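Notes to accompany the following structure.
The values are calculated or read from the model by the stated rules, or taken from the named source; none is laboratory data. What you are looking at is a predicted structure, and each value in this text was computed from that prediction instead of being measured. We place every Cβ from the backbone using ideal geometry, glycine too, and count neighbours over all the protein chains shown. For the accessible areas, the whole protein counts, side chains as well, though only heavy atoms, and no ligand, DNA or RNA atoms are used. Shrake-Rupley method; radii C 1.70, N 1.55, O 1.52, S 1.80 Å.
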Amino acid sequence: MIFETKVMGHRGAAKLAPENTLASISAAANAGTQWVEIDVTIAADGLVIFHDTTLDRCSNDSGPVQTKSIAELKKLDVGSWFSPNFNNETIPTLAEALNHIQSLGLSLNLEIKCAQKDVENIVPEVIKQLSHHWKDTSKLCISSFNKDVLIAVRDIDNDLRLSQIYKDIPDDWSETLSNIQAFSLNCDYQLLQKETAIAIKKAGYLLFCYTANEPELVQEHWQWGMDAVITDDPITFFNSGIK
Ligand code: G3P
Ligand code: MG
């Protein structure tokens, strides 16, 4: 299978606009990106797009995300830390992000982030919201570092594309991917070995590597079979001729 793009935006396009905001998703689209990755996590009363477990790095507040209501989170500025030009950016709810991504004609790699204790809460809610708000499942994959998240998704839905994320790829990757009938393996480009990449491709999975922001860093990965790079900076890849 040939994947439709070689360049997937990371957290929208995190080099171009504050990560995981609607502006970041728009920036990815404006750059010509077809696929974006964003992170969904759990707040006190719903699902929001945010990478960290705490608000400290990417907002004008601090402390855990999970104890705040969506109404409280919506009051925060999540753009000024990146640049004063983005001081109106707020944390998107999952529904807002899904609608925005579709309005731009993009495809979505939705990464589910949650603590182990929240797996049984977050997964049914994500699936419910996708069924209400996302129209074309051929333009969607669900990814997670947590294999129990992906098992729980697969228990609910037979067809959704699932992507197992790894930092360092463990020896049992083949069994884990086979158990969930995975679509892809997404791994840290810095830790990927040629032999493992070749084995992943031989087993029939797509191979995506995060988070490389310069084409030279993944030059040999294309020869190993990497299908797409997940990058904060899609423009640099497009300018280098990678599409
Ligand atoms: O999905 C690839 C990448 O987003 C995983 O790492 O920490 O950026 O969510 P992180
Ligand atoms: Mg992510």
Practice task
Take the Cα atoms of the stretch 10-87, find their three principal axes, and give me the spread along each one in whole Å, biggest first.
Solution key: 36, 25, 17
Handout entry: Virtual spin-label span in nm between Asp45 and Phe238, 7 Å along Cα→Cβ
Key = 3.9 nm
Completion exercise
Expressed in angstrom and rounded, the centroid-to-centroid distance over alpha carbons for the stretch 139-208 and the stretch 25-95 is 26 Å
Handout entry: Relative contact order (%) - criterion: Cα under 8 Å, at least six apart; region: the stretch 122-201
Key = 25 percent
Problem - Dimensionless Rg/Rh of the stretch 64-162 - Kirkwood Rh, Rg from C-alpha atoms - result: 0.99
Exercise for the section: Considering only Leu73, Leu47, Leu191, give the residue with the highest GNM mean-square fluctuation for the chain, with springs between Cα atoms whenever their separation is below 10 Å. Expected result: Leu191
Exercise for the section: Can you give me the three principal axis dimensions of the stretch 158-202 from its C-alpha atoms, in Å, biggest first? Expected result: 32, 17, 15
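I'd like the trypsin sites (Lys or Arg not before Pro) in the stretch 91-191 restricted to DSSP loop residues with at most 15 other Cβ atoms within 10 Å, sorted by number. Don't jump to the answer; show the numbers that get you there.
On the way: sites: Lys113, Lys117, Lys128, Lys135, Lys139, Lys147, Arg154, Arg161, Lys167; in loops: Lys113, Lys135, Arg161, Lys167.
Listed in order of number, the matching sites are Lys135, Lys167.
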Handout entry: Residue-span extension gain [Ala115 to Ala199] - 0.36 nm each, minus C-alpha spacing
Key = 27.2 nm
Handout entry: Where only alpha carbons of the stretch 178-243 are counted, the Rg and the Dmax (Å)
Key = 11.9, 39
Practice task
Using a 1.4 angstrom probe, figure out how much accessible area the stretch 38-98 has per residue, in square angstrom, rounded to the nearest whole.
Solution key: 44 Å²
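On the protein heavy atoms, probe 1.4 angstrom, tell me the percent of accessible surface of the stretch 125-190 carried by carbon and sulfur. Each step should come with its number before you reach the end.
Numbers: 1350 of 3240 Å².
Carbon with sulfur: 42 percent of the solvent-accessible area.
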Practice task
Would you kindly compute the Cα radius of gyration of the stretch 145-225 and its largest Cα-Cα separation (Dmax), both in Å?
Solution key: 12.8, 40
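Could you sort Phe86, Phe50 by accessible area so the largest value comes first, with the probe set to 1.4 Å?
Numbers: Phe86 45, Phe50 15 Å².
Ranking Phe86, Phe50 by accessible area, largest first, yields Phe86, Phe50.
Using helices alone, what [θ] at 222 nm do you get for the chain, with -39,500 (n - 2.57) per DSSP H run of 4 or more residues, divided over all residues and rounded to the nearest 500?
-9000 deg cm²/dmol
Lysine pairs, Cα distance under 19 Å, 8 or more residues apart or cross-chain: how many in the stretch 1-141?
On the way: Lys6/Lys15; Lys6/Lys139; Lys68/Lys113; Lys68/Lys117; Lys113/Lys128; Lys128/Lys139.
Total qualifying Lys-Lys pairs in the stretch 1-141 comes to 6.
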Handout entry: Carbon and sulfur %, accessible surface of the stretch 41-105 computed with the full protein complex present, 1.4 Å
Key = 50 percent
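What full-extension length gain, to one decimal in nm, is calculated for His132 and Gln190 as 0.36 nm per residue of separation minus the Cα-Cα distance? The partial results should precede the final answer.
On the way: separation 58, 0.36 × 58 = 20.88 nm, distance 3.74 nm.
Extra length from His132 to Gln190 when fully extended: 17.1 nm.
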Exercise for the section: Calculate the spin-label point distance for Asp168 paired with Lys75, positioning each point 7 Å from the Cα along the beta-carbon direction, and give it in nanometres. Expected result: 4.4 nm
Completion exercise
So, with points 7 Å from each Cα along the Cβ direction, the Gln66-Asn30 label distance in nm works out to 3.6 nm
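At 10 °C and 1.306 mPa s, what whole-number value in µm²/s does Stokes-Einstein give for the translational diffusion of the chain, with Rh from the Kirkwood sum over Cα pairs?
Working: Rh = 18.0 Å.
Value of D from the Cα-based Kirkwood radius: 88 µm²/s.
Let me check against my output: what whole-number percent is the relative contact order of the chain, with C-alpha pairs under 8 Å and at least 6 apart?
Numbers: 492 pairs, mean separation 49.5, N = 243.
Value for the chain: 20 percent.
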